[in-house]
Each structure stands twice: as C-alpha cells, then as structure tokens.
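A short worksheet on the structure shown next.
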Amino acid sequence: MYRLLPKHLPLRCKVIPVTHVAQNCSVIWCFETMRGAVIDPGGDIDPVMAFIDQQGVKVERLLITHSHPDHAGAASALSALLAVPIEGPHRAEAAVIATMTTLAARHGFFDCQPYSPDRWLEDGNIIRVGNQQLQVLHCPGHTDGHVAYFCADSRLAFVGDILFRNAIGATADPLHHLVLLHSIRRKLFPLGDDVVFVPGHHALSSFGDERVFNPYVSDFAAEEYEHLFDDPRFLQAVPDPGS
Ligand SMILES: [Fe+2]
C-alpha cells in the first residue's frame, strides 16, 4: 500500500509504510535531476529498493528523524546496500541510539540493526536533494535529538513522531510533553498553514488542519499552556528547546 502526494511538486515523494507498525518511510527525489534520499528506513527494505529501482531515483543519502527502531532499524542495511551515508538526527539522540537493540527486542523489531550516523545534523542545516533543498529543524520532545525536514518549495515537511493527524508523539514525562508542544507550536506551525506533513504513522495532514482540529496543539488547546513557553522556569528546565 503506497500513499502518493500530488504529482506536480518539484520534490517528489512516495510514502511506503514499513514494519508491523506501518511506519511511513519516504522516498524523496528532485523531479529535475532524479537525485533523492530515503527518510526513516525503519525496515522492509525490499519494497523500498523495488520502488527506487522502478522509479530510477539516484539515492544519495539516508535521513533519520529519530532513532526508534521502526524509523531507523534498516538504516544500516540500506546504507550498505546503496553505499550512501546516514545523516541525522541531532547529536542529542546518542543515548537513544545506544538503547536501540534493547528497544527493538522489546517491541518485536527483530530485523533492527543499530547504526551510527555519518553526520549529526544541527537546527538550520540545509540538505540538498538535487535542485531542491530541505531545512533541518531540531524538534525535541518525543526524543531529545528528533529533527524534522522541511522543503519550502514544495510546502512539504517530514516530521517523524513529533506530530500526527489529530495526535502528537508520545513523551516520557510531563516536561518532555511541554517541550514537544513547544516544538510543534513554535518550530513547525510557523512554517505555514499550507504545509502538508508526512507523519511517522497514519495519514498525511497539514499544519493548518492541526491548528484547528488537533486536540493537543490547536490554537484553542494552546490557550491553556502557551504562556509557559515564555516562563523563566520552563527556560531554566529546558535551556535551549530545539536548537
Ligand atoms: Fe518514535
């Protein structure tokens, strides 16, 4: 089952659900040059490779939003197969990567292999995909080193487990929940209501729709907590949320 975005975008994208939790792995490519990348190869590399071959995408790198097994479990294998580097997420993810094998066994990701990025990414980094480019946004909360990728030309964002249609990512405790709300409201939503995002699971949506309908991060819901983002005690607990 493939989910296809509009065909007119300068950055093309095919979403391929992988693993038993249907994680949205994305093959992206520049229509003009056919140069591309794979975002979050969590598993099931056969259908991913079949699509790459069938479409003729010249994959140049793997991009990781965060290091949970369903998102990064096949990064190592696909990197070796395609002879391309693994980039991301932010270096704050190192502790999560260290627990990948344990997490994978606990959650049934039996083919998961640990990996180490060839390059950590920083907030504001620009990644070229042929004639297109992605902006890196560090968006902690679900995990400390979680990043999102945003293509301004195609108004398209890849957000991993930060935000879903009508839901948000799981967090370890209430402080991380607040950090995640901050990432969504202060880092993602300012990109524009028209931006369509590919979440880590389930259906695509737009930031505009989530600002209206999402029970956690709608403008209405945020009235209850948004003042905390500027509270000195929040900034003391989280000195640099999303840098
Ligand atoms: Fe996750």
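Between F189, F207, F220, F197, the distinction of being of a type in the set (F, W, Y), more than 20 Å from D144 (Cβ to Cβ) and in contact with a Lys or Arg (Cβ under 7 Å, 6 or more places away or on another chain) belongs to F189 only.
Identify all residues within the range 148-176 that are β-branched (V, I, T) and surrounded by 24 or more Cβ atoms within 10 Å (Cβ to Cβ); write none if there are none. Residues satisfying the conditions are V159, I162. The residues listed here are I86, I52, I45; of these, the one that is in contact with a helix residue (DSSP H, G or I) (Cβ under 6 Å, 6 or more places away or on another chain) and over 23 Å from W120 (Cβ atoms) is I45. Listed conditions (1) within 11 Å of the ligand (Cβ to nearest atom); (2) aliphatic (A, V, I, L, M); (3) within 18 Å of the chain's Cα centre (by Cα) are all met by L103, apart from (3).
Taken together, the residues in the range 33-88 that are part of a strand (DSSP E or B) and not β-branched (V, I, T) amount to 9. Residue count for the range 123-175 under the criterion of being part of a helix (DSSP H, G or I) and either of a type in the set (F, W, Y) or without any contact (Cβ under 8 Å) to a residue 24 or more places away in the chain (or both): the result is 1.
Do we have any residue at all in the range 84-99 that's surrounded by fewer than 16 Cβ atoms within 10 Å (Cβ to Cβ), closer than 15 Å to D40 by Cα and away from the ligand (no atom under 15 Å from the Cβ)? Yes - at least one qualifying residue is present in the range 84-99. Any chance the range 227-236 includes a residue that's within 16 Å of the ligand (Cβ to nearest atom) and either touching a strand residue (DSSP E or B) at 6+ places or on another chain (Cβ under 6 Å) or at pLDDT 95 or above (or both)? For the range 227-236, residues within 16 Å of the ligand (Cβ to nearest atom) and either touching a strand residue (DSSP E or B) at 6+ places or on another chain (Cβ under 6 Å) or at pLDDT 95 or above (or both): absent.
The values are calculated or read from the model by the stated rules, or taken from the named source; none is laboratory data. Predicted model only: the values in this text are computed from it and were never measured. With ideal geometry, Cβ positions are generated from the backbone for all residues, glycine too; neighbour counts draw on all protein chains shown.
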